[in-house]
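See structure below.
The values are calculated or read from the model by the stated rules, or taken from the named source; none is laboratory data. This is a predicted model, so every value here is computed, not measured. Cβ sites come from the backbone with ideal geometry, for glycine too, and all protein chains shown count toward neighbours.
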C-alpha cells in the first residue's frame, strides 16, 4: 500500500504517462528482510516490467531503493531507474534549517545507512539520525493512521528526537507508507519540524528526468495498470482510495513472480 503514495504523486506530476504499478503483497514487508532477499525480489519485478518495454522504473519503496537501485541500474542500462532515497535526501539537505535531520524508516533502510550517506554527501555538516519505526507500516496497512494508537506509536519512536535544545528540525518520511501518517505526525510533533515526503520528491525528479531526456508522453491523458502478487481484492480497495476516478474497486491483475 505504501508505494501507492508514490504512484499517486507520479500521476499528479505526470498525468499523460501510463503507469504500471506492482504491489508485491505476497512478499511484504520488505523492511524486515535481508538485503540479498530484497535484491532478488526487485530483480524479479524488474524483469517482469522490462519485458513490457518501459522507459523508467521507480522503486516506490525506500528499503528496495537502499539495497537494489544501483544493482538494477547496472543490470538494465537501457532503462532509467529512480529510487526514492536520493530524491528525499536532496529535499532534506536543502530544507532542514539547521541540518538536524531525523529519518523515520524501516529497520532495513536504517541499517543500510543509505539516507545518512546521501544526505551527508550533499550537506556534510548535517546531523542525521535514522530511527526505525517498524510498527508504522502495520498501522498504515490496517488503516490506523489517526487516533490514540497512532499517536502513542509516534511518541514512542520519535518524541525524544524533537524535544530539548538539540531537537531535530527535519523529519524525513523514509518509508512510502509514512506520508499517510503525516497529519498525525504533525499533531504529535507540532508545526516546527519540516516534513519531507519522499513520494512527492521522487515524482518531481521523475518528471524532470523525463523532460530533460525529451521522453515525456505526448498523449493528453495517461492510464494506470495495477498488478499484485496476492490478495487482489484487498489491494484493489487500497488502490481505489488513491485513484478514486477508477472507482472503489479498480481492476487488478494477479501475477506470479
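Screening 113, 108 for residues that are at pLDDT below 95, surrounded by fewer than 21 Cβ atoms within 10 Å (Cβ to Cβ) and over 25 Å from residue 232 (Cβ atoms) leaves exactly one candidate, 113. Of 122, 144, all but one fail to be free of Cβ contacts under 8 Å to residues at least 12 places away in the same chain and touching a helix residue (DSSP H, G or I) at 6+ places or on another chain (Cβ under 7 Å); the exception is 144. Which of (1) within 24 Å of residue 63 (Cα to Cα); (2) touching a helix residue (DSSP H, G or I) at 6+ places or on another chain (Cβ under 6 Å); (3) crowded, with 16+ Cβ neighbours inside 10 Å is the odd one out, the single condition residue 189 does not satisfy? So residue 189 meets the others, but not (1). Within segment 217-236, being surrounded by 14 or more Cβ atoms within 10 Å (Cβ to Cβ) and farther than 25 Å from residue 44 by Cβ holds for 217, 222. Criterion applied to 135, 181, 173 was being in contact (Cβ under 8 Å) with a residue 60 or more places away in the chain, under 29 Å from residue 23 (Cβ atoms) and not assigned by TED's automatic domain parsing to the domain that holds residue 36, and the one residue passing it is 173.
When residue 10 is tested against the conditions (1) part of a strand (DSSP E or B); (2) under 13 Å from the mean Cα position of the chain (by Cα), the lone failure is (1). Selection of segment 1-31 for residues being in contact with a helix residue (DSSP H, G or I) (Cβ under 6 Å, 6 or more places away or on another chain) and farther than 22 Å from residue 223 by Cβ yields 27, 29, 30, 31. Name the single residue that is surrounded by the fewest Cβ atoms within 10 Å (Cβ to Cβ) among those in segment 3-12 being in contact with a strand residue (DSSP E or B) (Cβ under 9 Å, 6 or more places away or on another chain) and under 22 Å from residue 255 (Cβ atoms). Checked segment 3-12; the qualifying residue surrounded by the fewest Cβ atoms within 10 Å (Cβ to Cβ) is 11. If you go through segment 57-79 one residue at a time, do you hit one that is over 14 Å from the mean Cα position of the chain (by Cα) and touching a residue at least 40 places away in the same chain (Cβ under 8 Å)? Looking for residues that are over 14 Å from the mean Cα position of the chain (by Cα) and touching a residue at least 40 places away in the same chain (Cβ under 8 Å), one finds none in segment 57-79, hence no.
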